[in-house]
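Beneath this line is the structure, given in structure tokens, with notes to follow.
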Amino acid sequence: MRDDEPNVPEASVSRRAFLKGGAAATGALSSALLPETAEAQLPVATTPDARRTMVEMRVNGIPYRHEVPNHTTLLEFIRGDLKLTGAKAGCDRLQCGACTVIVNGRNIYSCTALAVEVSGAEVTTIEGLAKDNALHPLQQAFIEHSGYQCGFCTSGQILAAKAFLDRHPTPSEDDVRLAMSGNICRCSAYKRILESVMAASRAMPV
Ligand code: FES
Ligand code: FES
């Protein structure tokens, strides 16, 4: 026993043997019951963090090149590596839309896309919408029509609306409701959000 190991009585299965079995993931209990020779043949668990990939993408027109663990989500990359915190982590599982960004013209949930999957793409976050110190018409409309309350969902709402209006510049209210149905607002500011998007559609050049 090493000095830093707790002084516990030896059981019929040693702590070292139990941990060795545990490293083989869920087979811990069964490995403790196996004879030594069988246990030695169990597969060794690999560490996902050991696998990293260089990703390259343009975010808001700026090229980035970062090496990231393969399991890094686009949201983690944007918020953590690039420090662009407008996209929010709400549910982290494809249900709220708070993490919405635009990738190659399409709005996606960045919480469940991997950064490596998006490598080579053109990404727009809320930080990239204002140009030359002028707010985007959607940002302006959300302010003028109070299209937010707490603001947590707002960057996702605006980016989902932008991706939609870029493809459908003269929508009906029902078109907008349907297109925005993947973006949830906990404050239930839906009426004002709809008014904001419709106002922006009238203000944006066709
Ligand atoms: S945080 Fe991505 S969908 Fe909710
Ligand atoms: S404004 Fe609060 S969640 Fe939408």
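Some points to look at:
- Distance from the alpha carbon centroid of the range 136-181 to that of the range 71-114 works out to 18 angstrom.
- The magnitude of the dipole of the range 137-203, with charges of +1 and -1 set on the Cβ of Lys/Arg and Asp/Glu and taken from the Cα centre, is near 140 debye.
- Loop sites in the range 172-206: trypsin sites (Lys or Arg not before Pro), DSSP, at most 12 other Cβ within 10 Å: R186
- Residue order, fewest to most beta carbons within 10 Å, for M54, M204, M198: M54, M204, M198
- A simple spin-label model places pseudo-atoms 7 Å from Cα toward Cβ; at N133 and M204 they are separated by 2.5 nm.
- Cα→Cβ-extended label distance, 7 Å offset, between D174 and K191, nm: 2.1
- Once the Cα-Cα distance is subtracted from the 0.36 nm per residue extended length, the R52 to Q95 segment shows a gain of 12.7 nm.
- Extending 7 Å from Cα along the Cβ direction at E117 and again at S181 yields two label points whose distance is 2.2 nm.
Any read-out appearing in this document is the output of simple, stated calculations on the displayed coordinates, not a laboratory observation. Predicted, not measured: the structure shown is a model, and the values here were computed from it. Neighbour counts are summed over all protein chains in view; Cβ atoms, including those assigned to glycine, are modelled from backbone coordinates with ideal geometry.
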